[in-house]
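Each remark here refers to the structure printed beneath this line.
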């Protein structure tokens with residue numbers, strides 16, 4: 001009996017099961033934390049991408065709406081006033097009441113209209129090749145990040161174009177991309193002056 005006890009005293013003690021379990025648990029927890037971090041990163045990237053896609057779609061929709069509204073206004077002005085060359089009599093109030101400016105942009109029942117950017121549209125006679133032989137349509141408060149695309153969408157139907165008071169398309173001339181790029185960066189919100197008239 002004494003021999004057995006003494007031999008047991010000097011026997012090496014094997015690692016306990018609880019220590020092995022602790023090591024395994026620590027490794028598993030570390031792996032799960034890394035996995036959770038990667039999942040969160042992927043989710044965050046997906047959310048950022050979705051927000052950017054949504055904003056880009058909103059911008060493109062806004063550009064298309066404004067292009068269509070400008071082209072509708074210019075076309076109606078030429079059709080109603082250009083045939084009889086009566087641009088000299090046109091005011092903003094007349095353009096609104098005659099539905100030259102799309103009725104959806106009218107400010108209630110008033111004789112004024114605002115574009116989708118909250119800028120009040122104005123219409124007045126302009127001297128192009130002669131006296132009062134055209135109209136100037138002012139389209140204010142256009143964000144700089146939509147300026148180029150809107151101008152690119154409408155320039156072919158207009159005789160002259162100005163951004164922030166400077167020509168980007170001189171009378172009956174090609175559009176100047178260099179001037180357009182410069183002027184569209186002139187401010188965060190810009191006034192587009194659009195000139196229509198008979199050629």
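Bear in mind these aren't lab numbers, they're just calculated from the coordinates by the rules spelled out. Predicted model, so just to flag it, every value in this text is computed and none were measured. Quick reminder, even Gly has a Cβ in these numbers, built from the backbone with ideal geometry, and neighbours come from all protein chains shown.
In this structure, residue 189 and residue 89 have a Cβ-Cβ separation that, at R0 = 45 Å, corresponds to a calculated FRET efficiency of about 0.90. Under the simplified labelling scheme, the residue 167-residue 182 pair shows an inter-label distance of 1.3 nm, with each label point 7 Å from Cα along Cα→Cβ. If R0 is 25 Å, the Cβ-Cβ spacing of residue 36 and residue 145 corresponds to a FRET efficiency of close to 0.10.
The modelled label-to-label distance between residue 114 and residue 57, using points 7 Å beyond Cα along the C-beta direction, is 2.7 nm.
Rounded to the nearest Å, what's the spacing between the alpha carbon centres of the stretch 142-170 and the stretch 176-199? Just the number, please. Cα centroid of the stretch 142-170 versus Cα centroid of the stretch 176-199: 3 Å apart.
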